[in-house]
Amino acid sequence: MQAVLDINALDVRYGPVRAVRRIDLVVPKAGITALLGANGAGKTSTVMAIAGVVPSAAGRISIFGQDMTRAAPDAIVRAGLAISPEGRRIFASLTVEENLILAGSAAGNAETAAERRAALMQRFPILGERRRQLAGLLSGGEQQMLAVARALMSEPQLLLMDEPSLGLAPQMVDRIFGIIEELKAEGISILLVEQNATLALEVADHAVVLANGSVAASGAPSDLMGDDILKSAYLAA
Amino acid sequence: MELLLQQIVNALSLGGIYAMLALGLAIVFSIVRLINFAHGELMTFGGYGIFLSMTFGFPPFAALVIGIGAALFMALAMERVTFRAMRGADVVSLLIASFAVSEILKVLFQNGISARPVPISFPSSWSGSYQIAGMTIGVVPTASILVTFASLGTLTFVLRRTAMGMAMRAAAEDFEMLRMLGVKANRVVAVSFAISGILAGIAAVIWTAQRGSVDPLMGFFPVLKAFISTVLGGLGSLGGAVLGGFVVGALEVLTQAFLPDRLAPYRDAIVLSAVIAALLIRPDGLLPAKTGARS
Ligand SMILES: Nc1ncnc2c1ncn2[C@@H]1O[C@H](COP(=O)(O)OP(=O)(O)OP(=O)(O)O)[C@@H](O)[C@H]1O
Ligand SMILES: [Mg+2]
């Protein structure tokens, strides 16, 4: 199977802290890859390095077969990668619609961007209803929808999702996971970071477990489910 | 009555200069976290732009436009040459770098042109005045106020209604996120510097039109007041910077006009005490920057 993301011996450092140590990670085309691990395992650091906003200290990141290790974030977005980041990070003092407009700058021309915006507001009706409202006034679940919709504005082939279910009510978690499966069905490849390992393994085609910045295990979800390595990776924090 | 109206005009025109300078500082700070100590030299450079173009025979209005262009050019040059390479550095390193830029430019002005004030002679009609309901008001202060409000209005429009303005508001909130959406960082930063340069240039125009001379420290003292204004208004808040500028300008004019001569040497101390008192009551400033979302 062809890989949309291929990470080789990646290191991420914050001064003396080695957050990610020589990890290898492959995301195959048109599937969901779960990236699991305890708090501080290095999941977000990995994701931010892929998005190009945290520098990699060593290693190689190749996206759609192109070397993107030192590429600027805008080049990475134009190559077809988008992110729904940890903590959602919607622009609270801008309106819902403005949040989407900003994400459309990668669309090329204004007409395409407007069409995509309209389509996304149909897909997420709550965003359409609240388009003129400040995004900071949305509920947590609605903000997560906006974060996903914003990522979809660039029509990505590869979507990074960092803890999309964090802090949401069970009903909203179901809704978000429903969306994740829809996106997969549309052929978008997804790298899904989750604290909720059980839920992530249910939708994933492939899983990687990080512990203390290194890969502790990887394989098919059915093999990892109930695996001791997964348990110990979560307890070892 | 006439005195009061004149003082209101003075307060608005001085406050307007502080407001524009403070706004320039706040826009750059909100996006790159740089407290630009060299902001005053943008204004001074604009002043020398006016002086030199008049010396080379340009008509006064053209010279004013050239002055604004000079400040704009210098702002972009500063960003490109010094601050772009330091993107993401901590606030203190950036502040120290801007000190260095400020000192270098001051020395260049002193040695390249003159350490002393050089006169700019605008047409005598500019120093005239007109009558409203029997009260005498200066032409230049009135024009200053109009220019200030037109500039602030235009900037508000740009920030609220244009795509670039939207990107700048988003950058102030979370620049990294904006970059992850594919927006080019350099462009947003360059535009923020450009806006701060244009505002400093307009301040230079008003300042020189009122005072008729330029010296190497021309921008230094007003920018000091503008720093105080940004802190008073709330660091990082654009509305706060403008409000702070007008408040500091008004305090200065009022103390100058109504303080007994005996207390005149304490004018700045009195203004600063008022600012400190305001900050004791509202530590985040008069109009604090909006922060964060509902979590
Ligand atoms: N900006 C930073 N500066 C210094 N250290 C950091 C920074 N960001 C993360 N770290 C450290 O790097 C390590 C990995 O953090 P990271 O956020 O990647 O973990 P994570 O797996 O996403 O955790 P969580 O599940 O809590 O989100 C941690 O030890 C963390 O303290
Ligand atoms: Mg994380």
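Of all residues being touching a Pro at 6+ places or on another chain (Cβ under 8 Å) and in a helix (DSSP H, G or I) in segment B:186-222, which is surrounded by the most Cβ atoms within 10 Å (Cβ to Cβ)? Just the residue, please.
Looking at the filtered set, the residue picked out is B:Ala203.
Taking A:Gly108 as the residue in question, decide whether it is more than 16 Å from ligand 2 (Cβ to nearest atom), of a type outside the set (A, V, I, L, M) and outside the structural domain of A:Gly219 (by TED's automatic domain parsing).
yes
Tell me, which residue of segment A:6-24 that is within 13 Å of ligand 1 (Cβ to nearest atom) and of a type in the set (Gly, Ala, Ser) is surrounded by the most Cβ atoms within 10 Å (Cβ to Cβ)?
Only one residue tops the list, namely A:Ala19.
Can you find even one residue in segment B:244-266 that is part of a loop (DSSP other than H, G, I, E, B) and among the aliphatic types (A, V, I, L, M)?
Yes, segment B:244-266 has at least one match.
Of everything in segment B:128-184 that's surrounded by fewer than 13 Cβ atoms within 10 Å (Cβ to Cβ) and within 14 Å of chain A (Cβ to nearest Cβ), which residue is nearest to the chain's Cα centre (by Cα)?
B:Arg160
Considering only residues that are away from ligand 2 (no atom under 16 Å from the Cβ) and more than 18 Å from A:Leu210 (Cα to Cα), look in segment A:43-56 and name the one that is surrounded by the fewest Cβ atoms within 10 Å (Cβ to Cβ).
Filtering first and then ranking leaves A:Pro55.
Contact list please: Cβ distance under 8 Å, first residue in segment A:37-51 and more than 14 Å from chain B (Cβ to nearest Cβ), second residue near ligand 1 (Cβ under 7 Å from one of its atoms) and in a helix (DSSP H, G or I), pairs at least six apart or on different chains.
A:Gly37/A:Lys43
For (1) within 15 Å of B:Met164 (Cα to Cα); (2) more than 8 Å from every other protein chain (Cβ to nearest Cβ), each residue gets a yes or a no:
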| residue | (1), (2) |
| --- | --- |
| A:Arg70 | no, yes |
| A:Asp74 | no, no |
| A:Arg78 | no, no |
| A:Ser84 | no, yes |
| A:Ala92 | no, no |
| A:Glu98 | yes, no |
| A:Gly104 | yes, yes |
| A:Ala107 | no, yes |
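Within segment A:144-152, is even one residue surrounded by 20 or more Cβ atoms within 10 Å (Cβ to Cβ), of a type in the set (Lys, Arg) and in a helix (DSSP H, G or I)?
yes
Return the residues of segment A:157-167 that are surrounded by fewer than 19 Cβ atoms within 10 Å (Cβ to Cβ) and away from ligand 2 (no atom under 16 Å from the Cβ); say none if nothing qualifies. Let's see the steps before the verdict.
At the first step, the residues of segment A:157-167 found to be surrounded by fewer than 19 Cβ atoms within 10 Å (Cβ to Cβ) are A:157, A:166-167.
The one that is surrounded by fewer than 19 Cβ atoms within 10 Å (Cβ to Cβ) and away from ligand 2 (no atom under 16 Å from the Cβ): A:Gln157.
Select from segment A:172-193 the residues that are in a helix (DSSP H, G or I) and either over 25 Å from A:Leu138 (Cα atoms) or within 16 Å of ligand 1 (Cβ to nearest atom) (or both) and list them in ascending order.
A:Lys184, A:Ala185, listed by residue number.
Report the residue count in segment A:122-144 for those that are more than 10 Å from chain B (Cβ to nearest Cβ) and touching a residue at least 24 places away in the same chain (Cβ under 8 Å).
9
Does any residue of segment B:263-277 turn out to be surrounded by fewer than 16 Cβ atoms within 10 Å (Cβ to Cβ), within 26 Å of B:Ala38 (Cα to Cα) and of a type in the set (Asp, Glu)?
yes
Checking the condition closer than 25 Å to A:Ala30 by Cα and not in a helix (DSSP H, G or I), which residue from A:Met121, A:Met161 passes?
Being closer than 25 Å to A:Ala30 by Cα and not in a helix (DSSP H, G or I) holds for just one of A:Met121, A:Met161, which is A:Met161.
Check off (1) outside any helix (DSSP H, G or I); (2) of a type outside the set (Gly, Ala, Ser); (3) touching a residue at least 24 places away in the same chain (Cβ under 8 Å) for B:Val140 and give me the number that stays unchecked.
It fails just one condition, (1).
For segment A:16-38, enumerate the residues that are over 18 Å from A:Ala207 (Cβ atoms) and either within 10 Å of ligand 2 (Cβ to nearest atom) or not charged (D, E, K, R) (or both).
A:Pro16, A:Val17, A:Ala19 - these are the residues of segment A:16-38 that are over 18 Å from A:Ala207 (Cβ atoms) and either within 10 Å of ligand 2 (Cβ to nearest atom) or not charged (D, E, K, R) (or both).
Being within 14 Å of chain B (Cβ to nearest Cβ), farther than 17 Å from A:Phe124 by Cβ and within 16 Å of ligand 2 (Cβ to nearest atom): is that true of A:Leu192 here?
Judged against the criteria, A:Leu192 is not a match.
The values are calculated or read from the model by the stated rules, or taken from the named source; none is laboratory data. Note that the structure is predicted; figures quoted are calculated from it, not measured. Note that each Cβ is placed from the backbone with ideal geometry, even for glycine, and that neighbours are counted across all protein chains shown.
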